[in-house]
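The values are calculated or read from the model by the stated rules, or taken from the named source; none is laboratory data. Please read all numbers here as calculations on a predicted model, not as lab measurements. We place every Cβ from the backbone using ideal geometry, glycine too, and count neighbours over all the protein chains shown. We work out accessible area using only protein heavy atoms, side chains counted, and drop any ligands, DNA or RNA first. Shrake-Rupley method; radii C 1.70, N 1.55, O 1.52, S 1.80 Å.
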Amino acid sequence: MKNFLTNIFKTKIYLALALLVFVLLVGVLGFKIISEYSWVDAVYMTVITITTVGFGEVQPLDDNAKIFTVFLILSSVVIVGYALSIITEYILSSNNLEDLKKKKMQKKIDELQNHTIICGYGRNGRQAAKKLLSYNKPFVVIEKNKEIIESNQDDKVPMVFGNANEDDVLIQAGLDRASTLITALPSDADNLFVVLSARQLNKKACIISRASQETSYQKLKLAGANNVILPDIIGGDHMASLVVVPDLIEFIDNLAVGGNEDVNIEEIDVDKLYNTSSKVQTIKDLDLRNKTGCTVIGYKGSDGEYIVNPEAEIKLVPHSKVIVLGRPEQIQKMNSIYELD
C-alpha cells in the first residue's frame, strides 16, 4: 500500500516539475522573442515574474509583452501552487505513513508475551530469526543500522530501531515480558554490556550470547549469560569432525529438527504426553515405539539434568521433557495422536 501511494505521489511530482520547466521555457522564449531581451535578461524576467517578487522590469514593456506577462503570471501562479501542494502532500504523507507503520509495529510488539529478543541482525541474528520463524516462535529484532532495517522490512519480523546497549530500547522490545534474549552483536564488549543490562532488567530471562574470543566466555557467563556460543570454534570443530568421523557427522547433519515437514527429532514436554497430576508414568508406559514408531533417545528432568538413551523404567515427572527420534511420517503421527501441532 505504501509503495502504491509513493508511486502515485512520484508521478504527480514528475508532472509538477515538468510543468514548471515548461512554463520557465515558455517565459524565457517569450521575453526573448517578443521583447528581444538577451538570454540573461529573459531568464531574469521569467524568474521574477513566476515568483512574483515584485522587482522592476529590465526595460519598459510594450503592449504585447504586457499581455504575455499577464498570461505568464496567471499560468505560473496555478502551476507553482499545484507543484507546492503536491510536494507538501508527499512529504507529509510519507512521514505519516512511516509513523503509522512504526505505531503498528510497536503495538504488535507490546502484545507479545514470552517472546525472544534478538540483538543485532547480522549473519548470526538472521540465522536465529530464520530458525524461530520456522518454529513459529514470536520474536523481536533490535538493530541500530537504519539501512539494514529498511532493506529487511517484513511484517513477520518485528524490528526496533536503536542500540541494544540502551535500557530504553530493550524495554521498547518488551524485555520485561520476554522469555529469552539472544545477543548476536559483532563486538564481545557490546554483547557483555547487553547481557549486564538485560540481566538487571529481567532476572528470569534466558540469555544467550555470541562471543568471538574464548577469553570472553567466562566474562559473559559471570555477567549473567545462561549460554555462550562461539561460532568460530563450533565451525572449526565441525569441519574437523568431518575428517575424523565423516559418516557420523553427515548423518547428524541430515537430521532435521522441528519446524518443517521433514523433521526427524522433536523435544516434547512430558505434560503434553499424559496427565502428570495423576499417577506418574514411565517411558515404557507411554509406549511411543508401538504407538508412533518414534524412539525416545533423551530425557531432561525437571532439574535440568540430561540423560542420553534413558532406561525404559525412568519416571516421567512433571515439567520434564523427552527427545524422540523418528522418520518424518512417524513424527507427524505422534504429533497427531498427542495433538502437539
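The C-beta contact set for the stretch 250-272 (first residue open to solvent by 80 Å² or more (accessible area, probe 1.4 Å), second residue in a loop (DSSP other than H, G, I, E, B) and at pLDDT 80 or above, distance under 7 angstrom, 6+ apart or interchain) comprises Lys272/Tyr338; Lys272/Leu340. Only residues that are closer than 23 Å to Gln113 by Cα and open to solvent by 70 Å² or more (accessible area, probe 1.4 Å) were counted in the stretch 179-225, giving 4.
For the stretch 158-176, check the following and say yes or no: at least one residue is open to solvent by less than 70 Å² (accessible area, probe 1.4 Å), under 13 Å from His115 (Cβ atoms) and of a type in the set (D, E, K, R). Looking through the stretch 158-176, none of the residues is open to solvent by less than 70 Å² (accessible area, probe 1.4 Å), under 13 Å from His115 (Cβ atoms) and of a type in the set (D, E, K, R). When Gly293 is tested against (1) open to solvent by less than 50 Å² (accessible area, probe 1.4 Å); (2) modelled with pLDDT of 90 or more; (3) out of contact with any helix residue (DSSP H, G or I) (no Cβ under 8 Å at 6 or more places or on another chain); (4) not hydrophobic (A, V, I, L, M, F, W, C), only condition (3) is not met. Within this structure, Val28 passes the test of being assigned to a helix (DSSP H, G or I) and on the phi < 0 side of the Ramachandran plot.
Just so you know, in the stretch 296-331 the residues that are in contact (Cβ under 8 Å) with a residue 40 or more places away in the chain and of a type outside the set (A, V, I, L, M) include one that is surrounded by the most Cβ atoms within 10 Å (Cβ to Cβ), and it is Gly326. Residues of the stretch 45-70 that are touching a helix residue (DSSP H, G or I) at 6+ places or on another chain (Cβ under 9 Å) and surrounded by 13 or more Cβ atoms within 10 Å (Cβ to Cβ): Met45, Thr46, Val47, Thr49, Ile50, Glu57, Val58, Leu61, Ala65, Phe68, Thr69.
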